[in-house]
Amino acid sequence: MTLADIRSSGLLELYALGQLDAHDQSEVRAALRRYPELVAELREIEIALYRYAESHGLTPEGDVVEKILRDYPKPPGRSADPSRESITTSENKTASSGRGLRGLLSGLFLAAIAGIGVYAWQQSELSEARASHQLELEECDTKTATAQAYAAQLESVFTDQYRPVDISATEAYASARIELLDDQASNQNYLRVIDLPELAEGETFQLWSITGDNAPVPMDLFDEKGNGLIAVGKVNATDAYAISIEPAGGSTSPNMDKLVGVFAMAG
Amino acid sequence: MTIGTIISLEGLRRFFKDTIAYICLIEDSKIISHLRESDPKGLRAAYDKYGKALYGVILRIVKNPGLAEEILQDTFMKLWTKVDRYDPEKSVLFTWLMSIARNNALDAVRLKKYEHNQKTDSLDITVHDSEGNANGGASIDVSALANKLDEKYRVLLDMMYLQGYSQSEIAKELDIPLGTVKTRLRSAMSQLRDTLRSEKSLFIGSIIVLLLLLIIASL
């Protein structure tokens, strides 16, 4: 691109306005290196824009500058207040002028020791930060893998092959929300837990199959809560499934006082 | 142009303002030098010089004073922590800061899904902001700069530079072709630069005439 091309293209203006994509930005930068006279032109555009923004400037209501000067990450040994620092520096200069060479050397020695200390401390902090960052990365990877597995599970079960059945919660557990995804084609169902009551120590949830007047048949135990899919067994031609809270290890017959709800499968 | 115009107080005011603007840019190197030495004086100086201009733009984008102040603070935190990434060869400090501030503001808008509401607001908001104290801010200067631009250029420059619109968004909003946006933008910038140049000439003329008058008076 020639100098005239750049000037007539309007790229300089867009560059200063931050409206160029990466490719055009590198074109402009290359042109600025090739034609140093463009730099002055770009500066003129930038100054014009600065003046324009300045003419539309507004004063924040809050004490933003105080917050900035209070909260900026301070390097070790720095004063928080620039004006105070200025005074301190000035006082130090006055004081130091009266010291002898020995005092100066002692000061330098102490400063060097302090510098080494600060450096060692910074290295230690850096090392800790790196370790912590690594842990966070690993945790993030684990969570990502879990989320991906869950997403894959969801994708596989939310098809026509699965019939969702909501629980009819008992009065004692009226807030319970759980869905049974009835697989029409295999011998496995899923429970999609949305909200279940808190379990006491030594308790577990138990799934039951109920067919006709027969005694409920004990099935899977689970204690998961929150959003998630739980693979459970399936009984063909069952009239209903139920969930109750039982002692850890499960029971052979359901505790009717702690019956959470029933999934009616008939129909 | 009459002598009266040349030596008017307004002319002098503009002269000093323009000169100060140039000095500000020259002083960028001093600010950067302080910041690279981790000296908070650089932070204070940068805020004093650019804080209001940046806040004006941020507030126009997010339209929420509290959020705008947070973004302004974050912009200066980034200046403090990432000053080593600033390259004076590529841009003046204000351009770099503006880029950080605008991107942060636009990110905040996207995040909070304010965009739709904002962009259906009247464009007049910008004018009111700069003329009064709308949105809780105080105008620092209703410069003749904006008034000297043609309306169609001023609207476009305000949308792009002060309100964070992209070129295609402007084309859609104003219902004009993208090519027209680009052409008008160039013309707007050209007009803005011409305005600044003529101001500078006017100010230099003012000084010369003042000196001549002083010499004549002393004779």
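Computed from the coordinates by the stated procedures, all read-outs in this text should not be read as laboratory data. Predicted model only: the values in this text are computed from it and were never measured. With ideal geometry, Cβ positions are generated from the backbone for all residues, glycine too; neighbour counts draw on all protein chains shown.
Modelled label positions at residue A:211 and residue A:133, each set 7 Å beyond Cα in the direction of Cβ, lie 6.0 nm from each other. Take each residue in B:50-58, count the other chain C-beta atoms within 10 Å of its C-beta, and the mean is 6. Between residue A:61 and residue A:5, residue separation times 0.36 nm minus the direct Cα-Cα distance comes to 15.6 nm.
Let me check I've understood the local charge: for residue A:131, count other residues with C-beta under 14 angstrom from its C-beta, Lys and Arg +1, Asp and Glu -1. What total comes out? Charge balance near residue A:131 sits at -4. When each of the peptides A:177-184, A:112-119 is scored by how many other beta carbons lie within 10 Å of its residues on average, the order from highest to lowest is A:177-184, A:112-119.
For residue A:102 and residue A:195, the difference between the fully extended length at 0.36 nm per residue and the C-alpha to C-alpha distance is 26.0 nm. Compared with the direct C-alpha span, the chain from residue A:110 to residue A:140 gains 6.4 nm at full extension, assuming 0.36 nm per residue.
Over all other residues within a Cβ to Cβ distance under 14 Å of residue A:187, the charged ones net out to -2, with Lys and Arg as +1 and Asp and Glu as -1.
In this simple spin-label approximation, residue A:121 and residue A:24 carry label points 7 Å from Cα along the Cα→Cβ vector, and these lie 4.9 nm apart.
Taking each of A:74/B:49; A:67/B:182; B:49/B:152; A:67/B:152; B:82/B:152; B:52/B:152 in turn, the alpha-carbon distance tops 31 angstrom for A:67/B:182; A:67/B:152; B:82/B:152. Only the Cβ atoms of Lys and Arg (+1) and of Asp and Glu (-1) were treated as charged; on that basis the dipole of the range A:162-264 about its Cα centre amounts to roughly 260 debye.
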